[in-house]
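Each reported figure results from applying straightforward, stated rules to the coordinates on display, with no laboratory input. Everything quoted here is computed from the prediction, not taken from an experiment. So basically every Cβ, Gly included, is an ideal-geometry build from the backbone, and we count neighbours across all protein chains shown.
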Amino acid sequence: MGIELVWPTVADESLRVSVHSVLHDVVAAGGAIGWQVPPSRAETDAWLDMVLSRVSTGDGALVVAVVDGVVRGTATWLRSTSAVFTHSAEVGRVTAHPSARGLGLGRMLVSAAVSHARSAGLEMLTLGVRGNNHGAIELYESLGFREWGRLPYAIAVGDVRFDEVRMALPLGFREGVVLHGSAPGGNGSSPRRSKQSV
C-alpha cells in the first residue's frame, strides 16, 4: 500500500470530488469536523476554495493523504487574521476516510502540517477538539500539543452539548522576540486593583 502526502495549490475537478468524498463520508460516519450533517458538494467546494485562497497568499496550507492513488485524508493550517496573532495558525479539518482508518493518516497529516507551519515561520499552532474525542486528543498530545483551555458544553450537536478543548503547540520564536508573558508593564498593561473594604 502506497501513501503519499500532497500539498495542493489549485483545485481541479478530481481534487474537488476526492475532498468532498472524504469530508462527506467522515461526517456521515460520525466524525466531528464542523458539520452536523454530511456536507454538500457546494459546501466542500466553498471550503476548499477558501483554504486554497489562503494557500495562495502564504496564509495557509492544505495537505492531503493519497492512498494507492486516492485522496483519503486532509489537514490544514490557517494563519490568524487578527493583527496581533499573525504569528499563529489554527490546525483544522484533520480527517481520515472511514475506509483508511488504522493507517496512521492522522499522525502523518498533523506531523506534516506542523513541519510546514514551522518552515513558514509560524510561532504557535492551536486547534480545537471535541471533549469526547479522546483518541484525537491523545494523538495531538503525542505530537506535543497541550491543552490550554476547556469551554464546557460549548459545542452543540442537536440537543447534545460537548466541551470544546483548546490545545496549542509552540513552534519556537525568532531571534529578538521578547517573551513578556503576563509580567506587569508594556502595551495594554493596567495595574492590579486593590481590594475595596466593605
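Quick notes on this structure:
- Integer Hz, Karplus 6.51/-1.76/1.60 couplings in order for the stretch 51-59, x for Gly and Pro: 4, 5, 5, 6, 4, 5, 9, x, 9
- On the beta carbon distance between Asp45 and Ser99, with R0 = 30 Å, the FRET formula returns roughly 0.85.
- Gyration tensor (Cα) of the chain, equivalent ellipsoid semi-axes in angstrom: 33, 21, 16
- Principal-axis analysis of the Cα atoms of the chain puts helix 105-119 at an angle of about 50° to the longest axis.
- Projection of the Cα convex hull of the stretch 104-152, averaged over all directions and equal to a quarter of that hull's surface, yields 3.7 nm².
- Sites Ser119 and Phe85 - FRET efficiency at Förster radius 25 Å, r taken between beta-carbons, to 0.05: 0.85
- Here Val157, Val19 are placed in order of increasing Cβ neighbour count within 10 Å, fewest first, which gives Val157, Val19.
- Taken about its Cα centre, the chain carries a charge dipole of about 800 debye when Lys and Arg each add +1 at the Cβ and Asp and Glu each add -1 at the Cβ.
- Extension gain for Val6 to Asp25 (0.36 nm times residue separation, less C-alpha to C-alpha distance): 4.8 nm.
- Solvent-free Debye scattering, log10 I(q)/I(0), computed from the Cα coordinates of the stretch 91-188 at q = 0.13 Å⁻¹: -0.59
- Extreme residue, positive dipole direction of the chain, given options Gly185, Trp47, Pro152 (C-beta unit charges): Gly185
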